[in-house]
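One structure below.
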Amino acid sequence: MMFQSYALFPHMTVEQNIAFGLKQDGMAKDAIARRVGEMLELVQLQKLGKRKPHQLSGGQQQRVALARSLAKSPKLLLLDEPMGALDKKLRSKMQLELVNIIEQLGVTCVMVTHDQEEAMTMATRIAVMDQGWIQQIGKPDDIYEQPANRFVAGFIGSVNSFEGVIDEDLPEYVTVRTADFPAPIYVGHGITGYEGQPVAFALRPEKVHIAKEEPEGDTNKAFGVVEDIAYFGSHSVYHVRLPSGAKILSNFANMKRWDSDGITWNDEVWVSWDDNDGVVLTS
């Protein structure tokens, strides 16, 4: 198990920390030395073997804790919030390094995390839990694009969610009537439901287009006013207030410098989305 606090022995060197479990198993000294050397090379700390934990950075301490956990060649590695003590940039780097090391060794890993981005980056399968119950299990893209219910949709990433009822339920399309939009929402495929059924329509912000000109078509669009803008460098998030009082978020990729100058606070805009961009949630 790799602990959130790393739990390194402060009076031991890096090499001694990695060797601790092997010594407890009674492994021969020469075999321990070889294994410790292999682990130091794996986590790229060959030159720091004689240092104590307090002489290492947070990322280096994490690598030592990982090497100690892997030294005994476990069949199952348990990670308890392994990146919690790292800053955001170092955490992003270590996530990929940890995945590469685990894949290289072929170790099955179960990780507990409250960081949704970390789970999406590192996991091949995700289990989303709520109050002790598993709500959905699947690949990261399945969890994100096809959430099983309202909780999963809201827990993983940002989402626009609108409550309504199924207006038309046909094999080739479904419409959802909601008080938030003047016209029913059009979904370009059938679902397992019935007319009049209460549902939620979930729509990711990156699927929402924003423009000053009214888009073509009669459905899946709404007029509103830009209430807030959050600038994240790579993209901006526009908070658009609709006449109904509902708010819809739209991600705008900043692919050019100052590309978002065309839309600013209090501008009147149109938001729209494609027929299959959203998900109808029945639970």
| query | What ranking do Leu249, Leu48 get, fewest neighbouring Cβ atoms within 10 angstrom at the top? | reply | Leu48, Leu249
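Place the peptides 207-216, 268-277 in order of packing, highest mean first, counting for every residue the other Cβ atoms within 10 Å and averaging per peptide.
268-277, 207-216
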| field | For the chain, alpha-carbon Rg relative to the globular expectation (2.2 N^0.38 Å, N residues) | value | 1.33
| task | Let me know the Rg and Dmax you get for region 1-140 when you use only its Cα atoms, in Å. | result | 15.6, 49
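When the helices in the chain are scored as -39500 (n - 2.57) per DSSP H run of 4 or longer and the sum is shared across all residues, what 222 nm value do you end up with, to the nearest 500 deg cm²/dmol?
Working: 7 runs with 75 residues, N = 283.
Taken over the chain, the calculation gives -8000 deg cm²/dmol.
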| Point-to-point label distance, Thr282-Phe3, nm (Cα→Cβ direction, 7 Å offset) | 4.8 nm
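List the equivalent ellipsoid semi-axes of region 158-281 in whole Å, largest first, each obtained as the square root of 5λ for an eigenvalue λ of the Cα gyration tensor. Before the final figure, lay out the partial values.
On the way: eigenvalues 153, 38, 30 Å².
Values for region 158-281, descending: 28, 14, 12 Å.
Taking the Cβ-Cβ separation of Ala183 and Ile137 as r and a Förster radius of 45 Å, what is the calculated FRET efficiency to the nearest 0.05? Let's see the in-between values first.
Values: r = 36 Å, r/R0 = 0.80.
Once rounded, the FRET efficiency stands at 0.80.
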| query | Quick one: Cα centre-to-centre distance for region 99-125 and region 7-33, in angstrom? | reply | 25 Å
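In percent, how large is the relative contact order of the chain, given Cα pairs closer than 8 Å and 6 or more residues apart?
On the way: 505 pairs, mean separation 37.3, N = 283.
Once divided by the residue count of the chain, the mean separation gives 13 percent.
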| said: So if each residue of separation counts as 0.36 nm, and I subtract the Cα-Cα distance between Glu268 and Lys72, what length gain in nm does that give? | reply: 64.4 nm
| query | Listing Met1, Met120 from the residue with the fewest other Cβ atoms within 10 Å to the one with the most, what is the order? | reply | Met1, Met120
| Inter-site label distance for Lys23 and Tyr194 at 7 Å from Cα along Cβ, in nm | 6.9 nm
| said: How many angstrom lie between the Cα centre of region 148-164 and the Cα centre of region 177-223? | reply: 14 Å
| Ranked highest first by the average count of other Cβ atoms within 10 Å around their residues, in what order do 197-205, 72-80 fall? | 197-205, 72-80
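A short reminder: the numbers here are calculations on the coordinates, not readings from a lab. Computed from a prediction, not measured in an experiment: that's the story for all the values here. Neighbour counts are summed over all protein chains in view; Cβ atoms, including those assigned to glycine, are modelled from backbone coordinates with ideal geometry.
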